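The values are calculated or read from the model by the stated rules, or taken from the named source; none is laboratory data. Please read all numbers here as calculations on a predicted model, not as lab measurements. Don't worry about glycine lacking a Cβ; one is built from the backbone with ideal geometry, like all the others, and counts go over all protein chains shown.
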Amino acid sequence: MIVTRFAPSPTGFLHVGGLRTALYAYLFARQNKGKFILRIEDTDQKRYVEGAVESLLSTLKHFDLNWDEGPIFQSSRTEIYQKYADQLLATGKAYRCFCSEEELTKMREDQAARKMAPKYDRRCYELSPEKIAAQLAEGKTFVIRQLIPYEEVIFVDLIREQMRFHGKDVDDQVLIKSDGLPTYHLANVVDDHEMGVTHVIRGEEWLPSTPKHIWLYRDLGWTPPTFAHLSLLLNPDRSKLSKRQGDVAAEDFVAKGYLKEAIINFIAFLGWNPGTEEELFTLDELIQRFSLDRVQKAGAVFNIEKLDWLNGHYIRAKTPQEIADLILPLLKAEPWFTENLLNEQFLTFMASVQLRMKTLNDAPAMLRPFLLQTLDYNEALFYSEKMKVDKAMAVMAIEQALPALEALTDYQNDEAIKESLTAVIAKMGVKNGQMLWPMRVALTNEEYSPGVFELIRVMGKELTLKRLRGALDKLTA
């Protein structure tokens, strides 16, 4: 059976790169009728962030990346890791290192002065059994280091094809720290083996560690899994995507009003493509179409404009009621909102603004002009030097429009509304903008809004006339 895993560390919010790793591992497992495991790699207690585990779990559930097994916490498995570390010591594949931090710092400084790569010099590997016994008897603390063989290791990465590393270029990695807890390297190898992981899908930052892991598998008598290392996510300037340049947590984008369908679709295309011109995929469709052999080696650029486009598509694909359900918590957070505003016209208003929304967070501001019972007009908005609209023009435009709209019976048809108002414009002998600009402000009290004909259709006769009369009262007071 194909078994994949996602193994985040609880050090903060889930990075969008981590979400992509989880998505690819999930898709590969589901496509092959396999198993997807969630493992929490929490052995580094110094970096543990309170609430991070709960956030990770809720984020994965939000995106429907449901795991078959887990969450499994490495912190509860320390005895297992120690058992295998002892086995490596017994077979000579690992050794105790008693060097202090001061000794290690001086060693690195000496290497830097001689322009050598920083690497443990194996001074403790040369210790005699008697010296080791004496150090242990004194109660001196130690770490357990992996003994890297000075030989070449060759493996095939599903994305990067054949990879070669030589042991002389690889440091003797610490496997067990002085506090008795394992490092990532030992724990992840042991867990992947014991959990039956067949395919390790992870970020390219772990590529240099892969030879260490392969040697651990071999030293423990196990067969390594198949590896697939994903490229970095990049900013448009090709720098590494990082918090210094903006939002990078999956939760950030959810909070900013991006739909989970859009985020998943967008993340899937960061380094993968279906080989066709298709751009829109549901999670189920991705399960059918995804393949690791179409994942690219090159870094993938995080293009926020593409995410905005996708999000707009998925917003427009939903019904007004579905969008209303999603944005209701946002509306309730607005100081001007009251439950009685959810009247029979609400879904009509929702359908109108839905066409222009980029994110769910756009909805409150867009709905506000429709929902407010009264508008606190900013008189300056009525006037436009460019449109040649002064106070007298604004008053005349609204005064002339009111009788025509009072007589209008068909408020469901933009063309009928347009005919009614263009007849008034022709009678007044003014330009379209001179009448429509102050009318639009009268209807919304906004500098930018949908066109007047659409506003009138969406608002209906009663609200339209109420707004125009209210604006006239403001201008003539």
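Tally the residues that are in contact (Cβ under 8 Å) with a residue 40 or more places away in the chain and not basic (Lys, Arg), restricting the search to the range 255-281.
If we filter the range 255-281 for residues that are in contact (Cβ under 8 Å) with a residue 40 or more places away in the chain, which is where we start, we get 256-268, 270-272.
Then keep just the ones that are not basic (Lys, Arg); that gives 257-259, 261-268, 270-272.
Of the residues in that region, 14 qualify.
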### Query
Among the helices (runs of 4 or more DSSP H) confined wholly to the range 262-337, which include 1 or more residues that are aromatic (Phe, Trp, Tyr)?
304-317
## Note on the structure
With the first residue restricted to the range 335-356 and required to be within 19 Å of GLU454 (Cβ to Cβ), and the second required to be assigned to a loop (DSSP other than H, G, I, E, B), Cβ contacts under 7 Å at 6 or more apart or on different chains are SER352/PRO450
### Query
Counting only residues that are without any contact (Cβ under 8 Å) to a residue 40 or more places away in the chain and within 25 Å of ASN273 (Cα to Cα), which one in the range 205-224 is surrounded by the fewest Cβ atoms within 10 Å (Cβ to Cβ)?
GLU205
### Query
Could you count how many residues in the range 30-72 are among the acidic types (Asp, Glu) and closer than 20 Å to ILE201 by Cα?
5
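Which of the following residues is in contact (Cβ under 8 Å) with a residue 60 or more places away in the chain, under 30 Å from ILE287 (Cβ atoms) and either touching an Asp or Glu at 6+ places or on another chain (Cβ under 6 Å) or aliphatic (A, V, I, L, M) (or both): ILE72, ILE80, ILE148? Show your work before the answer.
Values: ILE80 fails: under 30 Å from ILE287 (Cβ atoms); ILE148 fails: under 30 Å from ILE287 (Cβ atoms).
Unique residue meeting the criteria: ILE72.
Results for (1) modelled with pLDDT under 95; (2) part of a strand (DSSP E or B), shown as yes or no for each residue.
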site	(1), (2)
THR11	yes, no
TYR26	no, no
ARG30	no, no
LYS33	no, no
ILE37	no, yes
ASP42	yes, no
THR59	no, no
### Task
Look through the range 209-242, keep the residues that are at pLDDT 95 or above and among the hydrophobic types (A, V, I, L, M, F, W, C), and return whichever of them is nearest to the chain's Cα centre (by Cα).
LEU230
### Query
Restricting the first residue to the range 177-190 and requiring it to be among the polar types (S, T, N, Q), which pairs with a second residue that is assigned to a loop (DSSP other than H, G, I, E, B) and modelled with pLDDT of 90 or more meet a Cβ separation below 8 Å and a spacing of at least six or different chains?
SER178/THR141; SER178/PHE142; THR183/GLN173; THR183/LYS177; ASN188/ALA7; ASN188/GLU41
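Let's see how each residue does on (1) in the same structural domain as TYR26 (by TED's automatic domain parsing); (2) outside any loop (DSSP other than H, G, I, E, B); (3) within 17 Å of TRP222 (Cβ to Cβ):
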position: ILE154; (1), (2), (3): no, yes, no
position: MET163; (1), (2), (3): no, yes, no
position: ASP171; (1), (2), (3): no, no, no
position: VAL189; (1), (2), (3): yes, yes, yes
position: GLY196; (1), (2), (3): yes, no, yes
position: ARG202; (1), (2), (3): yes, yes, no
